[in-house]
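The values are calculated or read from the model by the stated rules, or taken from the named source; none is laboratory data. Everything numeric in this text was worked out from a predicted model, so none of it was measured. In this analysis, Cβ positions are derived from the backbone assuming ideal geometry, glycine residues included, and neighbour counts consider all displayed protein chains. Calculation scope for accessible area: heavy atoms of the full protein, side chains included, ligands and nucleic acids excluded. Shrake-Rupley method; radii C 1.70, N 1.55, O 1.52, S 1.80 Å.
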Amino acid sequence: MKFNYLLRTVLLSCMGALLAQISFAQKTGSFDRTINFNGDSHRALSYYVPASYNPSKKYKLIIALHGLGNTHQAYRDFMAYLSQNSASPVYNAIIICPSDGADSTLGQSSDFWTPVSDTAIITRAIMDGTSAYNIDPGYIYLNGFSLGGRSALRYGLINYKRFRGLELWTPALQSMDEVNNLTSFTYPWQNGKYIPITISTGSNDGNAILLTTAYQHLSDAGAIVNFQIYYGMAHSQPSFQDVCTSFRYLDSNASSYGMNDAGVSNIASPFEEICGTSFTPIVTIQNKGINNITSAIINYQIDNGTVNTYSWSGNLPQLGRAAVTLSSQSVSPGTHTFKAYTSMPNGVADTVPTNDGISINFNSIMNRITSIAEGFESAVFPPTGWRLAGTDSAWNWRRTHNGQDPEFEMLTSKPSGAYGQSSSCIYFDNEYEIPNNLGKSYSIRTPQVDFTNASSPSLTYDYAYAPFRDSSGTFTATDTLVVYYSTDCGSTWHVLLRKGGLALSSTGGYAYAITFPFVPTSAQWKQETIDLNITGLVGQPEVMFSFENRCDLGHMLYLDNININSVTGIVSQTKESLSVNIYPNPNNGSFALSFSAKNEDNCTIEIRNLLGQVIYTEKLNGFSGDYTKQFDMREFGNAMYFVSLKTANNEVTKKVIVY
């Protein structure tokens, strides 16, 4: 009898637990599930499960870690919108937001890491969700905001095989020592090679400098990482569209650990713009599976046109990559979409066909204009055919119309056009309250100008600027304006003019007040004229110009009335330019640089990364003759770099793509 009673008790207990789990597994909507975790019976997992949940289908899962001052329920409700919006790449995903240690009856920290055993709540959330719902194991993402983002970054790098990718919003890294792994809280940056990562922060987030350094560590380790700084955003979540972009990046770069899984992970060409109507596609294929990839079909098409194919062969280990140059393509002028994807890796069907390809939008430019007269009076900015470019997306040139901008709303005197003769101009805000712009460069670029039959062409523009100096004279911030030209659609830029500090000042001196922006009077504008009668420019059909602001955290820089006059006629004798060659380009990190100097000159070679940081410099004093040197950039990771050659009177900058 006693045995039967005990057996019945055990069976009823097991049946009760089973029924509870079945009941839980059928639950949809937003709800909390209380669990017993590390001796604490009050920890919770906040769930969102789509109302249309069907146990016969597989679902994506997002584990989301909230920040300090937030709650798991509130963060769950915020994240649920991503699952509810049909435009989202994680539409109908299941969301689980664990409660942090601050919710614990044991009085632990709120960072999902203190004590170290608290990280197991992330593991527990994964196990809880996958045991109750039909989760696709290849689509489990880890998201985190602020302190939650900090823990998600470290946990995800350590346990990279558990996730499709890491989607992080303003991770609250605690110090530069922590970022540089000089504390007990260390990051295995090298593991970023095995999992795609997106990091988003704002231009007004005080943590942006730490995150920039973290990005550099990941990039140097060859990580698959996308780092975005959004203009005007503080320590908060990015917009819905930006979050969708992040998840799409993760999906296009994710490793599936399937047996035979290949995909196109990057499109190096075309990129944003092409000059003319033909281009040569360059794509990067990646082994996203387990087996080495020795063959694959690369499929590519423009818009919805004919699908072209290329039979690739080689040997890619797991996560290995290779750049592939495809056949030249022709398009009409205007906006187009280029799509590339793989099929039949190792001669068999792809294990995970959903990650096979990506697409990119680009413009084919055929301006053929012979002059430019731009006063920025139109509300369209940048003007038609013009383009903005920069170190990142945190900041750039802006247009002001009678000073109707947040920067000027508290001022009695507001900026207008040059000399007070128009209502509008453009400006760049270099001021100190914009964090993390020191040393960065941002440009506004013109449409292409036809100099085929030009004689005595010239460039004029109006500008206003005053470098900053504090009242004691101990601190000076001197921003710089650099004007370039390019004849190869922006692949190579030649310096026409470089001015900074007092040389750039249109007021004749410094501006001392930095509490409010520098606003020029009508008398504080100047005009600059540049002779464009230069070898390598005259006679070219597609010439672009770039106005680059180099930030030193000083004052506002204003531009207006940019005029390019390409007078046609007999080409006169022209000035000499500087020729630099880099080959091959793109490359795997190994390339050669060569140039010739006819006259003895002091030359400086610099290589900078996307953040503007100098990673190589070499000075050649009194050099003349031919120069050739082989460079190895593989230790710095796959990215775009800028190689500059500077002399006393010239500067050439070329883009180098390392895949």
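Hey, does segment 289-312 have a residue that's part of a loop (DSSP other than H, G, I, E, B), crowded, with 21+ Cβ neighbours inside 10 Å and touching a residue at least 12 places away in the same chain (Cβ under 8 Å)? The answer is yes; a qualifying residue exists.
Ser596 meets all of the listed conditions (1) more than 27 Å from the chain's Cα centre (by Cα); (2) at pLDDT below 80; (3) among the hydroxyl-bearing types (Ser, Thr, Tyr); (4) surrounded by fewer than 19 Cβ atoms within 10 Å (Cβ to Cβ) but one, namely (2). Inspect all residues belonging to segment 91-107 and state whether any of them is modelled with pLDDT of 90 or more and farther than 19 Å from Arg33 by Cβ. Yes, segment 91-107 contains at least one residue that is modelled with pLDDT of 90 or more and farther than 19 Å from Arg33 by Cβ. The set of residues in segment 5-63 being aliphatic (A, V, I, L, M), part of a strand (DSSP E or B) and modelled with pLDDT of 90 or more consists of Leu45, Val49, Leu61, Ile62, Ile63. For segment 140-190, what are the residues that are farther than 22 Å from Gln241 by Cα and among the β-branched types (Val, Ile, Thr)? Across segment 140-190, the qualifying residues are Ile158, Val179, Thr183, Thr186.
Screening segment 436-453 for residues that are modelled with pLDDT under 80 and in contact with a Ser or Thr (Cβ under 9 Å, 6 or more places away or on another chain) and picking the one that is surrounded by the fewest Cβ atoms within 10 Å (Cβ to Cβ) gives Gly439. Just to be sure, is Arg124 basic (Lys, Arg) and surrounded by fewer than 24 Cβ atoms within 10 Å (Cβ to Cβ)? The answer is yes for Arg124. Scanning segment 208-265 for residues that are open to solvent by 10 Å² or more (accessible area, probe 1.4 Å), hydrophobic (A, V, I, L, M, F, W, C) and outside any loop (DSSP other than H, G, I, E, B) returns Ile209, Leu210, Val225, Phe227, Phe240.
Residue check: is Thr351 at pLDDT 90 or above, out of contact with any strand residue (DSSP E or B) (no Cβ under 7 Å at 6 or more places or on another chain) and open to solvent by 10 Å² or more (accessible area, probe 1.4 Å)? Criteria met by Thr351.
Taking the residues in segment 139-150 that are in contact with a strand residue (DSSP E or B) (Cβ under 6 Å, 6 or more places away or on another chain) and among the small types (Gly, Ala, Ser) as candidates, determine which candidate is surrounded by the most Cβ atoms within 10 Å (Cβ to Cβ). Checking each candidate, the answer is Gly148.
Yes or no: Ser311 over 24 Å from Tyr139 (Cβ atoms) and either at pLDDT 95 or above or among the aromatic types (Phe, Trp, Tyr) (or both)? Spelling it out, Ser311 is indeed over 24 Å from Tyr139 (Cβ atoms) and either at pLDDT 95 or above or among the aromatic types (Phe, Trp, Tyr) (or both). If you go through segment 454-465 and keep only what is more than 28 Å from Met556 (Cα to Cα), in a strand (DSSP E or B) and open to solvent by 10 Å² or more (accessible area, probe 1.4 Å), you end up with nothing.
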